[in-house]
Amino acid sequence: MRIGVPKETKTLEGRVALVPAAAGDLVKRGHEVWLEQDAGIKSGFKDADYTRLGVKIAPDAAALYEKGELIVKVKEPIAGDLQHLRKDHLLFCYLHLAAEPVLTKQLLDIGLTGIAFETVELPNGDLPLLAPMSIIAGKIGVQVGTHLLHQPMSGKGKLLGGLPSTERGKVVVFGAGQAGGASAALAAAGGSNVTVFEMRQDRMDQMMRLGNNVTALFPYVDVVAREVASADLVIGAVLVTGARAPHVLTREMLKGMEDGSVVVDISIDQGGCFETSRPTTWKEPTYVEEGVTHFCVTNMPGAVPQTSSQAICAAILPWVNKLAAGDEWRNNPALVRGINVEAGKLIHPALQGMKL
């Protein structure tokens, strides 16, 4: 099969879907792999790293999409990509369509088959292609939040970990999945007092095992309001597979926080889990509501493209192999569950009834 890997076009997005070694493996399997010129540069991979392994270079996006049958990219297609997509393309990438009705309608009009990384689901409910980027986003959430608390960044001027004679900072995390768990672990390791809200008992137990400075609680509304009011940093990492994220932090709760506090919404790709969240980019990453700095960048892992590209590629390559082998992939339940759109129809159950 002809596999096309385009250059990512989202603002300050540096990831590439296939690193050279992975692309080379596909070539050895008999596939024809095309890379858009300089698609791997921001991740630290030159075109020569690919061509020495048999990958072919397309001079621009138009040529890349023309060559490709299976299009493998990282982020959802935007304006520059959409003009090149065709009905016969099989698109494999993050889509997050629940928060993107306009994009959804455009993909339906094209009529292609779109399989989303974030909805490829194993029988036990695990999301293997979402996990690595969720972990990275969870770590970035704490790193960025720590920085935004600094006074020169208009933060309250608090060091999260504290030290003898000072108070520890407080971090509240919504969700104890891959992203929330990574946030809680990093915040706890740095010395913060951490409160994690989670509904699953097994995940609450995992969070408690992180250390004596971690508390895991059920998200009763009154308890959430109390804990948020005393938080320095709040991180949202709530996920409903394929669907819009529910709002777990209201504007009224936000009003109870001190000025200069920070909230980071990792769930923003799925619409955001804070009432006051709206998508931002790495170029203009923050805004202030009710005196609280909001960080809601929709491609957080794009800030560390070398690490992110290596991680996502290792996760997706086995599935790319299945897709490239022909229609046999349709016998794979995990990939079938990952289909979001096909032949002009909404396929994933979480998208049924979506207003377009």
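The GNM of the chain, with springs linking C-alpha atoms under 10 angstrom apart, assigns the highest mean-square fluctuation among 326, 80, 236 to 326. All other residues whose Cβ lies under 14 angstrom from that of residue 235 are scored, Lys and Arg at +1 and Asp and Glu at -1, for a net of -2.
Taking 7 Å steps out from each Cα toward its Cβ at residue 352 and residue 225 produces label points 3.6 nm apart. Seen from all directions on average, segment 1-93 presents a Cα convex hull projection of 5.2 nm². Note on residue 202 and residue 38: their simple-model spin labels are 4.7 nm apart, each label 7 Å out from Cα toward Cβ. Listed by chain and number, the lysines placed with their C-alpha closer than 17 angstrom to that of residue 56 are 7, 28, 46, 67, 73; residues fewer than eight positions away on the same chain are left out. Net charge of the neighbourhood of residue 270, taken over other residues with C-beta under 9 Å away and scored Lys/Arg +1, Asp/Glu -1, is -1.
Kindly provide the trypsin sites (Lys or Arg not before Pro) of segment 155-217 that DSSP labels as loop, not H, G, I, E or B, and whose Cβ sees at most 11 other Cβ atoms within 10 Å.
Working: sites: 156, 158, 168, 170, 200, 203, 209; in loops: 156, 158, 168, 200, 209.
In loop regions of segment 155-217 (DSSP not H, G, I, E or B), the sparsely surrounded trypsin sites (Lys or Arg not before Pro) are 209.
What's the FRET efficiency of residue 212 with residue 259 using the Cβ-Cβ distance as r and R₀ = 35 Å, to the nearest 0.05? Display every interim value, and only then the final one.
Working: r = 30 Å, r/R0 = 0.86.
In this case the efficiency is close to 0.70.
Label positions at residue 327 and residue 150, each projected 7 Å from the Cα along the C-beta direction, are separated by 5.7 nm. By Kyte-Doolittle mean hydropathy of at least 0.0 and Cα axial length of at least 24 Å, which whole DSSP H helices of the chain are selected? Span-like helices in the chain: 131-148, 305-324.
May I ask you to compute the full-extension gain from residue 283 to residue 306, defined as 0.36 nm times their residue separation minus their alpha-carbon distance, rounded to one decimal in nm? Working shown, then result.
Working: separation 23, 0.36 × 23 = 8.28 nm, distance 1.89 nm.
Value of the extension gain: 6.4 nm.
Annotation: peptides 21-30, 312-321, 284-293, ranked by per-residue average of other Cβ atoms within 10 Å with the highest first, follow the order 312-321, 21-30, 284-293. Taking N as the residue count of segment 66-224, its C-alpha radius of gyration divided by 2.2 N^0.38 Å amounts to 1.34. Once you divide the Cα radius of gyration of segment 131-298 by 2.2 N^0.38 Å, the number left is 0.92. Normalised by residue number, the volume inside the convex hull of the Cα atoms of the chain is 135 Å³ per residue.
I need the calculated FRET efficiency for the pair residue 82 and residue 167, taking r as the beta carbon distance and R₀ as 56 Å, to the nearest 0.05. Let's see the in-between values first.
Values: r = 50 Å, r/R0 = 0.90.
With a Förster radius of 56 Å, E is 0.65.
Taken together, the values in this text are just the output of simple stated rules run on the coordinates, not laboratory data. Everything numeric in this text was worked out from a predicted model, so none of it was measured. Here Cβ is always computed from backbone atoms with ideal geometry, including for glycine, and neighbour counts include all displayed protein chains.
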